[in-house]
Every structure is written in C-alpha cells, then in structure tokens.
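Structure record follows, encoded as structure tokens.
The values are calculated or read from the model by the stated rules, or taken from the named source; none is laboratory data. Remember, predicted model here, so these are calculated numbers, not experimental data. Here the Cβ positions follow ideal geometry from the backbone for every residue, glycine too, while neighbour counts run over all protein chains shown. The accessibility values were calculated without ligands, DNA or RNA, using every heavy atom of the protein model including side chains. Shrake-Rupley method; radii C 1.70, N 1.55, O 1.52, S 1.80 Å.
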Amino acid sequence: MQAFIVNRILQSLIVVLVMTLLVFAGLFVIGDPVQMLVSPDATDIEKEAVRQSLGLDQSFVVQYLSFMRDALHGDLGNSFLTGAPAMDLILKRMPATFELVICAMILATGIGLPLGILAGLRPEARSSKTIMAGSILGFSLPNFWVALVLIMIFAVGLGWVPASGRGETVQIGPIAVSFLTLDGLHHLILPALTLSLTKMALIIRVARAATREVAGQEYIKFARAKGLRKNRIVGVHLLKNIMVPLITVIGLEFGRTAAFAVVTETIFSWPGMGKLLIDSILTLDRPVVVAYLLLMVVFLVFLNLVVDLAYLWLDPAAREKGRD
Amino acid sequence: MPPLSQTFGSLLRAGAVAAVSTLALATAPQAADLTIGLKSEPTSLDPQFHVLASNTQVSMAIFEPLVAQNTELGIEPDLATSWTFEGTVWTFNLDPAVTFSDGTPFTADDVVFSIDRVAKVPNSPSPFTLFTRQIASVEAVDAHTVKITTKEPYPLLVNDLAYLPILSKAAASGPAPEGRTTTELNRGEGLIGTGPYKFQSWERGASLVLARNDAFHGAAPEWDHVVYKPMVNPASRAAALLAGDIDVMEAPPTTDLKDMEANPKVSVVAGPPARVLYVGLDQFRDATPGVKGTAHNPFLDIRVREAMSLAIDRKAIVARVMGGAAQAAGDLVPATMFGADPGHAEAPAADIARAKALLAEAGYAKGFDLVLGAPSGRYVNDARIAQTLAAMWSRIGIRTTVEASTPSVFFKNYYDMSYSAYLASWGNNSGEVGTTLKALVLTRDPAKGIGTANNSGYANPEVDKLVLEGASTMDPEAREALLAQADKIVLDDYTLLPLHFEQPLWALRAGLTYAARADQYTLPQDVHSVK
C-alpha cells in the first residue's frame with residue numbers, strides 16, 4: 001500500500017518535470033512575450049529593458065534552469081502581465097472554480113445516478129427511453145450553445161437569474177464562497193447546470209449499463225427471493241456494486257472539469273482559473289501558464305490516487321489483490 | 001460551426017420577443033450605480049505600471065493628467081489651467097482649487113513626484129517611459145507652477161502628458177525607490193487621485209468598484225458607485241446588458257448591431273474613428289517569401305501596389321464585413337486629423353479593369369500566388385477582412401490564400417518581417433499624422449524608436465526628412481504643412497494600403513448617454529442618464 005503511494009508520487013514527479021519542459025519550450029517557440037506586451041511605439045532600448053526585467057534576455061536553458069531553481073524554493077515566478085506572483089493569481093481564483101465544479105458534479109450525480117439506475121432497472125419502459133434520449137442530447141449539444149440558450153431563456157427572457165458573474169460571497173477562513181448566500185446561489189445555478197449536463201449524461205449511461213449488468217446477477221435474484229424490500233435491494237446491494245465504475249467516471253470527470261471549465265467560465269464571466277489560463281496563453285504569460293499546469297498535474301495525480309484508494313475500499317476483490 | 005457571435009445573433013432574435021414582454025421582471029441595478037461590462041480587465045491599478053488601454057481608462061477615472069485629450073483627441077486643460085512654451089521649456093499653471101480625494105491640496109510637488117516615479121516602476125511589461133522619454137527635467141517653480149524642459153523642441157509634449165496621471169506625493173510615497181509599489185497600489189494603498197471617482201475594492205477577474213469622490217473639483221460625479229466587470233466573451237456581455245446586469249457594454253459584436261439598434265431596451269453609440277486597418281507589402285527585398293509564380297518581388301513595382309489598392313472594394317468591406325461600423329479609408333488617419341493630406345480624404349473606389357491593366361503593364365498579366373498574413377482575434381473581424389481581401393485580389397489574378405494566426409504568432413512573424421503581405425492596424429493616440437508615419441513608414445531605426453512598426457521595409461529619405469523636421473517644429477502651421485506633404489508622398493507611393501477606420505462602439509441600456517471617444521476608453525464620468 002505504501003509502496004503503491006510512493007510509486008505514484010515518483011511517477012507524478014516525472015510527469016511534472018516533463019510537463020514543465022514541454023510548456024516552457026512550447027511557449028518559447030510560439031512568440032516573443034515582449035512584442036506582445038510593449039507598445040509598438042517603443043524603442044529597441046525600451047524593449048530590451050523590458051526583456052531584461054522579465055529575464056527573457058537569457059538563453060532558453062538558463063531561463064529554464066533558473067525557473068526550476070526558484071520552483072524548488074516554492075517560487076513559480078511573477079506574471080509578466082500583472083507583476084503579481086503567478087501562484088497567488090491562480091490560488092485566488094481557485095475557490096470560484098472549485099465551487100462551480102463541485103456544484104456541477106453534485107447536480108450531475110444527484111440527478112444522473114437515480115435516472116441511470118431507473119433506466120437500467122426497466123430498460124424497456126417509455127420513461128427509460130426518454131431518459132436515454134435526453135442523455136444523448138446532453139452529450140451532443142455543445143457547452144457554449146447550451147450556456148447561451150440558458151442565458152437567453154432564464155436571464156434575458158424570464159429574468160429569474162443574472163446572466164453572468166459571481167454573486168455575493170462570504171469568507172470561510174481564507175476562502176470566499178458564494179453558495180451560502182441567496183445572491184450567490186442565483187448566480188451559480190446556470191453555470192453549474194451548464195457544466196453538469198455532459199457529466200450528467202455520462203453518469204446516466206454508466207449507471208444504466210452497470211445497473212443492467214448487476215441486476216442480472218445471482219445475488220440480486222437471491223436477495224429478491226429472500227423477500228427483501230426493493231428499496232433495500234437497490235439502495236444497498238445494487239448501488240454498492242455499481243459504484244466502482246461510477247467512482248472512476250466521477251473522479252476523473254471532476255478533475256477534467258476543474259482543470260478545463262474554461263468555456264463555461266468565459267461565457268458566464270465566472271471569475272475562475274480557467275479563464276485565467278486562456279488569457280495567459282493568449283498573452284504568452286508563461287509563468288502563469290506553467291504554474292497553472294503544474295498545479296493541475298499535481299491535482300489530477302492526487303485525484304487518481306483517491307480514485308484508486310476508493311476502489312480498494314469498495315471492492316473486496318481489489319483489496320485482496322492490494323494485499324499481495 | 002458558425003462563429004459564436006452569429007449563433008448568438010439568431011438567439012437574440014428569438015429571445016427579443018420574450019425579452020420585451022418580461023422587461024419589468026429584469027433585475028435592474030440601483031439607479032445611482034453604474035455597471036460596466038469590460039472586454040478586458042486592467043492588469044494593474046498602478047497608473048504607471050502598464051501602458052494598456054484597459055488600465056488607462058480606469059486610471060483616468062481615479063486620476064487626472066495635467067492636460068487631457070477630449071473625445072476627438074484634441075488637447076484640453078485639466079489639472080493645468082494654462083501653459084506656455086519657449087523652445088524646449090514649458091511652463092504649466094496648475095489649478096489651485098484642486099484637492100486629492102483624501103482632502104490634501106494638489107501642488108506642483110505632486111507633478112514632480114509623479115513624472116519622476118515613471119522610470120522607477122520595476123517589472124513593467126510596457127513602461128510609461130514611452131511618454132517621458134522626451135522630458136529632460138521637471139521642476140516645481142512654486143506651489144502651482146511647473147516647468148518642464150524637453151531634450152529637444154517637442155510639440156507633442158502635451159499629448160504625452162495626457163497619458164501621465166498625477167498621483168498624490170503624500171499618499172504614494174514609500175520606502176521603495178518608486179514609493180508605493182505596484183502591489184500596494186493594486187490593493188488600493190496610496191491609490192489617491194484627483195479624479196471624479198476613488199478606489200473602493202478590486203477582486204481580480206470579478207469586479208472593480210469605485211466610489212464617488214466628493215472632493216472632486218469639477219461638476220459633481222453622477223454615480224454613487226462604478227462597478228467594472230470583466231466579460232471577455234462579447235455574447236455574454238450582450239446578454240448581461242439585455243438582462244439588466246450591466247448598464248454599459250464595451251465593443252458590441254458588429255454582427256449583432258442591427259438587433260441591438262432595433263431593441264428599445266438598448267442603444268448603440270459610435271465614437272470618432274482613430275484606428276486604421278491597413279495592408280503592408282514587402283518593399284525591401286527582391287525575393288519575398290510569400291509570393292510564388294514570379295522571379296522577383298512584385299511589390300517593388302508601384303503599379304502592382306496601385307493595382308492591389310484598386311482591387312479592394314473598401315465600401316463593401318465596411319458594409320458587409322464590418323456591419324457598417326467603420327469608415328472606408330483613403331489615408332492612414334481620418335481626414336479631420338492634424339496633418340492629414342486633404343487630397344486623400346476620400347477612400348479610392350474599386351476599379352477592377354484598371355487594376356488588371358496595371359498588373360499587365362507591370363508584366364504580371366498572369367498574376368501570381370500570394371500568402372496574406374493576418375492576426376485572428378486582435379482587431380474587429382480581422383480574419384474575415386483578410387478572407388475578403390483574398391477574394392478581391394484573386395479577381396485580378398493575384399491568387400491569395402490567407403494565413404490567419406493567433407496574435408502571438410502573427411506578431412512574431414510581423415516583427416520578424418517574414419510576411420510578404422500582411423493585414424495590420426495602427427491606433428493613433430496623438431491626433432496628428434506624424435506619430436503614425438513615424439512608426440509605420442519612416443526608415444527603420446529601432447534604436448531611436450523610428451519605424452518601429454515599419455515591417456514592410458519602406459525607406460524614403462524625403463519622407464524621413466519631412467516627418468522628423470515636422471516632429472520638432474513648434475509652429476503648428478509649418479508643422480501641419482510638413483506632415484501633410486510627407487503624408488501625400490507616402491500615399492501616392494501606395495506604401496501601405498489603408499482599408500478602413502474602426503469605429504469604437506458601445507451599447508448602453510436605454511436612458512443613458514455616452515460621449516463616445518476616439519481612443520476607445522470607457523470613462524464612467526462621461527456616462528450620463530438622460531434627464
């Protein structure tokens with residue numbers, strides 16, 4: 001078990017190292033941040049001064065090595081564009097993204113899981129067919145389109161919720177959250193719903209497939225023969241056994257959604273970190289891009305680890321294997 | 001997949017009916033607050049950190065310069081009520097009635113401090129020394145008189161000063177060489193100005209809030225609070241305006257203009273144009289990389305350049321690509337600007353037959369293949385303009401393909417001079433043609449800051465002489481004559497092909513007016529409710 005975790009951490013260190021090198025080299029090749037930043041009226045001397053102050057006058061190798069040296073000391077550098085520490089910029093925006101993603105995943109699981117089980121238990125029923133057709137829509141409609149339609153209907157047309165932005169926040173320790181205020185919830189509902197739709201569709205399909213498989217198993221038949229109540233069969237015996245594939249999907253989707261919620265964030269002007277990433281890529285703000293991706297690799301590796309540990313906990317067979 | 005804005009346009013039409021019927025339900029913000037949907041957020045609140053329009057427009061609500069530019073880029077008194085100059089020495093008389101928002105009086109020491117601070121701000125991505133490089137010294141003669149000496153005679157000093165906000169020396173001093181650091185100013189510490197609004201709070205990415213400055217020396221500011229919200233996506237900004245979340249939106253998409261003009265809930269205002277879109281053609285080497293089918297660089301022949309200009313139907317681009325929100329251009333600056341050659345005030349009409357004849361005369365009857373470089377997403381409809389140009393040139397036998405790149409890639413190629421033909425743009429912030437010519441067509445001498453964006457490699461000693469002489473001629477009439485002469489030579493040479501002037505656009509909720517500006521700044525002090 002410990003060996004497993006240590007192994008994982010070592011693997012992720014290599015991933016992080018390769019990733020920083022790739023991003024660094026990639027942005028180095030794309031363009032010259034100085035040309036993007038300075039006014040086109042600037043003289044060469046003025047441009048050179050900017051280049052020096054940002055450390056861009058050094059060779060690629062020197063720049064990379066000094067970045068690695070600072071990174072090992074916990075300093076990921078300052079944003080070219082704002083002069084603020086890159087990590088601060090990201091961490092300040094992280095709560096907004098996580099709030100959005102967690103709400104979206106709760107919506108997706110809370111609605112998707114029961115619907116998926118329902119569709120799996122009675123695959124031929126009309127309601128099940130409707131659910132499955134709906135899930136196809138959830139998959140195939142592009143996110144930005146759904147977002148705009150929702151805005152047009154609920155914000156512009158009906159005026160029930162605001163069209164964009166994040167609502168009033170309350171501080172919990174160092175973190176500002178908006179889901180605890182009425183205004184915050186108002187702002188949160190549309191972007192969370194938009195973000196949840198594809199995940200919901202995915203969860204419905206996985207839950208349905210797993211349910212159909214498990215429902216035919218001997219132990220379910222046995223439980224039914226024993227005269228157990230239907231609620232108990234579904235809620236305990238079935239649910240527990242369809243959880244393994246679902247945890248995988250939910251865990252991985254959570255990571256992906258958090259790292260790349262950018263489309264939804266942009267359309268709803270949600271002050272999250274996805275928007276920051278896109279802006280930074282466009283302006284070649286390398287310190288922010290590198291810090292962001294670094295954080296995301298660490299986060300995704302951690303999430304994978306949690307998913308793996310959840311398997312061990314849920315699945316006795318895997319637990320046996322883990323002990324070997 | 002159609003562009004987002006088009007999709008949105010059809011959605012707007014669908015939503016408009018529902019929108020009007022439920023107008024009363026829309027959550028209207030408090031009447032005395034103004035909420036502005038920004039197309040991009042300021043990178044810093046330090047007014048001397050980053051020369052960038054999104055920063056300048058915010059600092060102009062909190063701070064004021066000695067002299068200000070009006071909506072048409074003309075110079076007006078601001079903190080300085082009058083000024084005189086003799087050779088390189090300028091004397092500014094300051095308004096003695098002005099106080100900062102914290103109540104302390106504004107004096108000449110604040111001016112000296114502020115101009116002095118510019119060069120000391122570290123890590124600036126685009127330093128304000130751009131506007132102080134001609135200044136040799138700044139002295140406080142007495143509490144309300146400032147003497148500024150320039151390195152050489154420099155008539156545009158006042159235009160530069162319009163970009164230098166005056167900070168409070170008392171509030172912005174500190175232990176660091178620059179006094180209050182950029183980080184401190186970003187938190188609002190020491191961010192004290194004389195402008196109509198003062199800092200209240202800033203949460204990056206979410207909102208920037210200013211409050212009315214009750215100590216303001218001019219007419220009382222109309223809004224209790226001004227809230228800036230960054231909304232990068234134009235469709236979201238439009239939706240937020242229609243939903244009543246914001247009062248003012250920057251840069252409504254040109255594809256939605258018709259819908260917005262028809263909607264009684266909103267109005268669209270257009271400012272005077274100052275930014276030109278133009279085509280640059282390689283004029284400095286014999287073998288040019290983006291042309292195939294000829295042995296030599298065809299753009300070295302003036303007839304080819306003229307033919308390419310004649311092939312462009314500028315009015316069609318304005319009407320169909322720009323949605324009418326532009327003016328066809330015959331010059332690199334609008335005809336109303338100082339020094340513009342009156343002979344090129346009108347945009348040339350397209351003439352395909354003459355263009356073909358000129359090409360044949362130049363020995364290119366069979367045409368050639370051309371790659372046109374263009375940015376995608378930097379200027380309004382840039383990639384679509386490039387596509388349209390390609391179609392228009394193909395009609396006269398110049399078979400053009402477009403290479404549209406993300407701005408970071410485009411600008412690398414542009415400054416490396418690796419395009420044979422490119423679509424680019426220049427915004428004129430001085431109100432006179434000299435600065436545009438100095439950057440775009442004067443013989444490249446980047447060390448001196450001359451020809452810094454002359455990426456077509458044009459070199460004409462006569463133009464150089466006229467423009468540089470004009471730049472240090474203090475007499476306005478003599479200067480205007482020199483500049484107009486240079487402008488005429490440049491345009492007669494088809495050095496660059498001007499296409500159109502972008503018109504800065506804003507959309508407002510019904511009941512508001514905005515004094516739309518050529519420099520595209522959104523200034524809350526110029527937004528008023530209709531009485």
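Here are a few things to note about the model shown:
- Residues (under 20 Å from A:Ala96 (Cα atoms) and not basic (Lys, Arg)) located in the range A:137-167: A:Asn143, A:Phe144, A:Ala147, A:Ile151, A:Val161, A:Pro162, A:Ala163, A:Ser164, A:Gly165, A:Gly167
- Members of the range A:22-55 that are of a type outside the set (Gly, Ala, Ser) and exposed (fewer than 13 other Cβ atoms within 10 Å of the Cβ): A:Leu22, A:Val29, A:Gln52
- Which listed residue, of B:Ala270, B:Ala274, B:Ala238, is over 23 Å from B:Leu496 (Cα atoms), in contact (Cβ under 8 Å) with a residue 24 or more places away in the chain and crowded, with 24+ Cβ neighbours inside 10 Å: B:Ala238
- Test result for B:Met260, part of a strand (DSSP E or B), within 14 Å of chain A (Cβ to nearest Cβ) and closer than 21 Å to B:Asn381 by Cα: no
- Qualifying residue in the range B:81-89 (condition: modelled with pLDDT of 95 or more and buried (at least 21 other Cβ atoms within 10 Å of the Cβ)): no
- Residue in the range A:41-50 that is within 14 Å of chain B (Cβ to nearest Cβ) and touching a residue at least 12 places away in the same chain (Cβ under 8 Å) present: yes
- Leading residue by the ranking (farthest from the other protein chains (Cβ to nearest Cβ)) among those in the range A:147-189 that are under 18 Å from the mean Cα position of the chain (by Cα) and over 20 Å from B:Glu203 (Cβ atoms): A:Ile189
- Answer residue from the range B:183-217, given it is within 20 Å of B:Ser40 (Cα to Cα) and in contact with a Ser or Thr (Cβ under 7 Å, 6 or more places away or on another chain) and is farthest from the other protein chains (Cβ to nearest Cβ) among those: B:Val209
One line per residue, one yes/no per condition, for (1) out of contact with any Asp or Glu (no Cβ under 7 Å at 6 or more places or on another chain); (2) away from chain B (no Cβ under 14 Å); (3) under 30 Å from A:Ala209 (Cα atoms):
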residue: A:Val62; (1), (2), (3): yes, yes, no
residue: A:Ser66; (1), (2), (3): yes, yes, no
residue: A:Asp70; (1), (2), (3): yes, yes, no
residue: A:Leu81; (1), (2), (3): no, no, no
residue: A:Met87; (1), (2), (3): yes, no, no
residue: A:Ile90; (1), (2), (3): yes, no, no
residue: A:Val101; (1), (2), (3): yes, yes, yes
residue: A:Leu113; (1), (2), (3): yes, yes, yes
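- Going through (1) in contact (Cβ under 8 Å) with a residue 24 or more places away in the chain; (2) under 30 Å from B:Ala453 (Cβ atoms); (3) assigned to a helix (DSSP H, G or I) one by one, A:Leu81 falls short only on (3).
- The number of residues in the range B:435-460 being more than 10 Å from every other protein chain (Cβ to nearest Cβ), small (Gly, Ala, Ser), open to solvent by 10 Å² or more (accessible area, probe 1.4 Å) and touching an Asp or Glu at 6+ places or on another chain (Cβ under 9 Å) comes to 1.
- Test for B:Ala19: is it at pLDDT below 90, under 30 Å from A:Ile267 (Cα atoms) and open to solvent by 20 Å² or more (accessible area, probe 1.4 Å): no
- Within the range B:357-375, the residues that satisfy the criterion of being farther than 18 Å from B:Tyr419 by Cα and open to solvent by 40 Å² or more (accessible area, probe 1.4 Å) are B:Ala357, B:Ala360, B:Glu361, B:Gly363, B:Ala365, B:Lys366.
- For A:Phe144: the one exception among (1) within 14 Å of chain B (Cβ to nearest Cβ); (2) of a type outside the set (Ser, Thr, Tyr); (3) farther than 30 Å from B:Asn263 by Cβ: (3)
- When the range A:23-32 is filtered for residues that are within 8 Å of another protein chain (Cβ to nearest Cβ) and assigned to a helix (DSSP H, G or I), only A:Ile30 remains.
- Cβ pairs under 7 Å, 6+ apart, first in the range A:173-194 and closer than 15 Å to A:Ser269 by Cβ, second crowded, with 18+ Cβ neighbours inside 10 Å and among the basic types (Lys, Arg): A:Ser178/A:Arg166; A:His187/A:Arg166
- Scanning the range B:385-416 for residues that are within 14 Å of chain A (Cβ to nearest Cβ), open to solvent by 20 Å² or more (accessible area, probe 1.4 Å) and either of a type in the set (Asp, Glu) or over 19 Å from B:Lys292 (Cα atoms) (or both) yields B:Thr406, B:Val409, B:Lys412, B:Tyr415, B:Asp416.
- Of residues in the range B:131-156 being surrounded by 19 or more Cβ atoms within 10 Å (Cβ to Cβ) and among the hydrophobic types (A, V, I, L, M, F, W, C), the one farthest from A:Met36 (Cα to Cα): B:Val146
- Against the test of being in a helix (DSSP H, G or I) and among the hydrophobic types (A, V, I, L, M, F, W, C), the options A:Leu115, A:Leu56 yield a single qualifying residue, A:Leu115.
- Selection of the range A:126-171 for residues being among the aromatic types (Phe, Trp, Tyr) and part of a loop (DSSP other than H, G, I, E, B) yields only A:Trp160.
- Some residue of the range A:261-272 being under 20 Å from A:Ala108 (Cα atoms), within 14 Å of chain B (Cβ to nearest Cβ), part of a helix (DSSP H, G or I) and touching a Pro at 6+ places or on another chain (Cβ under 7 Å): yes
- No other residue among B:Arg354, B:Arg320, B:Arg378 is modelled with pLDDT under 95, open to solvent by 20 Å² or more (accessible area, probe 1.4 Å) and in a helix (DSSP H, G or I) apart from B:Arg320.
- Only one entry in A:Phe254, A:Phe299 is under 14 Å from the mean Cα position of the chain (by Cα), in contact (Cβ under 8 Å) with a residue 60 or more places away in the chain and more than 14 Å from chain B (Cβ to nearest Cβ), namely A:Phe254.
- Out of B:Ala28, B:Ala32, one residue alone is farther than 21 Å from B:Ser236 by Cβ, small (Gly, Ala, Ser) and at pLDDT below 95. It is B:Ala32.
- Among the residues of the range B:54-80, those identified as in a strand (DSSP E or B) and open to solvent by less than 10 Å² (accessible area, probe 1.4 Å) are B:Val67, B:Ala80.
- In the set A:Phe179, A:Phe222, only one residue is aromatic (Phe, Trp, Tyr) and in a helix (DSSP H, G or I); that residue is A:Phe222.
- Filter result for A:Arg205 (closer than 30 Å to A:Val234 by Cα, basic (Lys, Arg), open to solvent by 50 Å² or more (accessible area, probe 1.4 Å) and modelled with pLDDT under 90): no
- Residues of the range A:53-77 classified as over 27 Å from the mean Cα position of the chain (by Cα) and either among the aromatic types (Phe, Trp, Tyr) or closer than 20 Å to B:Pro122 by Cα (or both), total: 11
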